[in-house]
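One structure below.
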């Protein structure tokens, strides 16, 4: 069996050890950079949030997400450089594949464009109660690709931005106030007295606004009775609560009127 001389074997092993040490060192550096990047994303997010504290909430969330994403990109480029991968060639490959990826992700890119338009045009902001794309809820955040809503029963819904931007959108909070429209069948009760009763009920409610003033008028007169249209105003955020309580007050008032009528002597 032939045995290589010591002076031939030693350089080979030395080169392999040097290569393993270099690769291992670069790999450790890459892992360290990834950990630093992860930590930096959290720090950048917090700093950006504080720096933009006085900025409108919708725009602030969008910019914070953009800053965190940029930090991630910088960290990944640093990792590739440390591993000996030419970032220029990576960019070229990504650019060459960008067209194919863009065609495959047309829907996703349209959601991104819609997100930019929603931030720019501001048809709604964080905290608004909106209805659109078949769902309704309070806007929790507007992201790059989607918007999150929280429903009345505390369920979070994620809606693609494209669906909100391209469809009909109803913002219930934009104007600050809302009118509660109630159609009430009063049967054969006296119209003028019932209108006075309903107006006194809503005007005494603490959440009903004095201006605009509540109104009540005849909507229609079917054969079986009379339909009144009661319209008090309230703050947008109290709409559901006010509507429920006014309906309860009206119902109880009608029951009392019926009971009093039954007790009247013939």
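The values are calculated or read from the model by the stated rules, or taken from the named source; none is laboratory data. Just so it is clear, the model here is predicted, and its values are computed rather than measured. Positions of Cβ are backbone-derived with ideal geometry, glycine not excepted, and every protein chain shown enters the neighbour counts.
Structural remarks
- Segment 204-221, subset touching a residue at least 24 places away in the same chain (Cβ under 8 Å) and under 27 Å from residue 187 (Cα atoms), residue surrounded by the fewest Cβ atoms within 10 Å (Cβ to Cβ): 218
- Complete set of residues in segment 29-53 that are outside any helix (DSSP H, G or I) and closer than 14 Å to residue 74 by Cβ: none
- Failed condition for residue 186, given (1) at pLDDT 95 or above; (2) surrounded by 16 or more Cβ atoms within 10 Å (Cβ to Cβ): (1)
- Those strands (runs of 3 or more DSSP E) of segment 137-239 in which at least 1 residues are more than 28 Å from residue 62 (Cα to Cα), considering only elements entirely within it, cover 177-179, 182-187, 215-220, 226-231, 233-235.
- Filter result for residue 116 (more than 16 Å from the chain's Cα centre (by Cα), part of a helix (DSSP H, G or I) and at pLDDT below 85): no
- Scanning segment 114-126 turns up one or more residues that are surrounded by 15 or more Cβ atoms within 10 Å (Cβ to Cβ), touching a helix residue (DSSP H, G or I) at 6+ places or on another chain (Cβ under 8 Å) and more than 13 Å from residue 165 (Cβ to Cβ).
- Of all the numbered requirements in (1) at pLDDT 80 or above; (2) surrounded by 15 or more Cβ atoms within 10 Å (Cβ to Cβ), residue 51 misses one, and that requirement is (2).
- Among the residues listed as 79, 94, 64, the single one being modelled with pLDDT under 80, over 14 Å from the mean Cα position of the chain (by Cα) and surrounded by 13 or more Cβ atoms within 10 Å (Cβ to Cβ): 79
- Screening 71, 58 for residues that are within 30 Å of residue 146 (Cβ to Cβ) and modelled with pLDDT of 65 or more leaves exactly one candidate, 71.
- Any hit, segment 222-237, residues being over 20 Å from residue 176 (Cβ atoms), touching a helix residue (DSSP H, G or I) at 6+ places or on another chain (Cβ under 9 Å) and at pLDDT below 95: yes
- For residue 37, the conditions (1) touching a helix residue (DSSP H, G or I) at 6+ places or on another chain (Cβ under 6 Å); (2) modelled with pLDDT under 80; (3) closer than 29 Å to residue 140 by Cα are fulfilled apart from (2).
- The set of residues from segment 67-76 being surrounded by fewer than 15 Cβ atoms within 10 Å (Cβ to Cβ) and closer than 27 Å to residue 121 by Cα comprises 69, 70.
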